[in-house]
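Right, one structure below, let's go through it.
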Amino acid sequence: MHSYQPTVWDMMKIAEADLFIYVGGESDFWVEDALENTKSPDRKVLNLMELLEDSVKEEEHVDGMQKSRGHEDQEEEEESE
């Protein structure tokens, strides 16, 4: 899984945005914090995973594929270091 942390510049752009579109899912755990910290009463937010609902397919797992690590796994690993 890819990880992403928005920069200060990214947060400023989110705060100024009238429309914020994001994919959703496990890799976008940062979005809730970003939106909470940049409240804008007029901003529209679209989570594509929620919009697609039943059209979204589960990732197919193939033998030899690494298990994806969620946000919780990363936090546990950081705490144990």
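For this structure, a couple of remarks:
- Hits in segment 38-75 - residues which are modelled with pLDDT of 80 or more and part of a helix (DSSP H, G or I): LEU48, MET49, GLU50, LEU51, LEU52
- Residue list for segment 5-24, restricted to those being surrounded by 11 or more Cβ atoms within 10 Å (Cβ to Cβ) and either among the hydroxyl-bearing types (Ser, Thr, Tyr) or modelled with pLDDT under 80 (or both): TYR22
The values are calculated or read from the model by the stated rules, or taken from the named source; none is laboratory data. The structure displayed is predicted, hence computed values, not measured ones. No Cβ is skipped: glycine too gets one built from the backbone with ideal geometry, and neighbour counts run over all protein chains shown.
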